[in-house]
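Handing you this structure, nothing more for now.
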Amino acid sequence: MYRKFSFRRLSRYVLLPAVLASSFASAATLHTITPGALTIGSDLTYPPYAYLQGGQPAGFDAEFSRMLASHLKLEPVFLDTRFPDLILGMKARRFDVVASALYVTPERVKQVDFVPYLKTGASFLVLKGSSYLPNDAKDLCGKRVGTIKGASWTPKLKLVAQDYCKSNGKGDIQILEFPTSPETSSALMARAVDVQIEDAAVAQAIPKQTNGRVEVSSTSLLYPIVIGLGVTKGDARLLDALGAALQGAKSSGEYVQLLKKYGLQEPSANDVSMALGVPAK
């Protein structure tokens, strides 16, 4: 009961100093894949969350993971893994956690446990100067939409196609999936897709990365959602230790400083409850 209250509804919990001390003391006995290390699965092609800079992992998720590992007195070790393979890799015990802008959804909660830590959403991108400027999912009818493979918005777009586009004779939404975000942007610039849907924070950097060849067309956050660290289902000890480490980083001010650095937001209790598909209390 305590674990469910504390870490599946992370933004609500308050840990007493004695509990925190116990959690950090138990970190030394965590059964991680490599003793003394926290092995982190991350798709390092996804700025500003995770990418390579000078051959080293960089971005919010990389800094966040290092911060928690430091609180746990563990050495962070990153394994660059494409997004569709992250949950599979964790289940296969290739890494201890997934830190890669992993959206918290009721479907994923069935596969992994989460430590929620960010709030984001999606944006649309089109070619610079295009007369086609989608702002809503209904604007995608009859269009080719590029997306990173395994994205949480893909089934939602399919529902829009079925329930709105086809029923109103507006044409299907053709969804084309790509292994990475840069490959999706390349498809957009090659006119292989009409529009790219991407995480809002990631989307803000794409115009610069493409030398101004694409631009963000949507003006509001699409499909607001919570991001969390993925933890192997049922690994209560690691889940609790990571949650306590995050609380320690909040208390020290490190977490708030990191959010400010990247212009990101902490999810509310209601955000987390909705993401997990459980009633707020």
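Cβ under 13 Å from LEU159's Cβ, LEU159 left aside: what net charge do those residues give with Lys, Arg +1 and Asp, Glu -1?
With Lys, Arg at +1 and Asp, Glu at -1, the neighbours total +2.
Could you tell me the number of lysine pairs in the stretch 121-222 with C-alpha atoms less than 20 Å from each other, where the two lysines are 8 or more residues apart or belong to different chains?
Final tally of qualifying lysine pairs is 15.
Which FRET efficiency value, to the nearest 0.05, is calculated for ALA37 and LYS156 with the Förster distance at 45 angstrom and r the Cβ-Cβ distance?
The pair ALA37/LYS156 has a calculated efficiency of 0.75.
Rounded to the nearest 500, what is the 222 nm mean residue ellipticity of the chain from helices alone, with -39500 (n - 2.57) per DSSP H run of 4+ residues and division by all residues?
Result for the chain: -10000 deg cm²/dmol, rounded to the nearest 500.
Let me ask you something else. Residue farthest toward the positive end of the dipole of the stretch 156-240, with Cβ of Lys/Arg at +1 and Asp/Glu at -1: which of SER218, PRO207, VAL160?
Selected residue: VAL160.
Can you compute the modelled spin-label distance between SER131 and ARG94, with each label point 7 Å from Cα toward Cβ, in nm?
For SER131 paired with ARG94, the spin-label model returns 4.6 nm.
Read the figures in this text as sums done on the coordinates, not as results from a lab. None of the values given here were measured: they were computed from a predicted structure. When we count neighbours, we look across all protein chains shown, and the Cβ atoms used for this are built from the backbone with ideal geometry, even at glycine.
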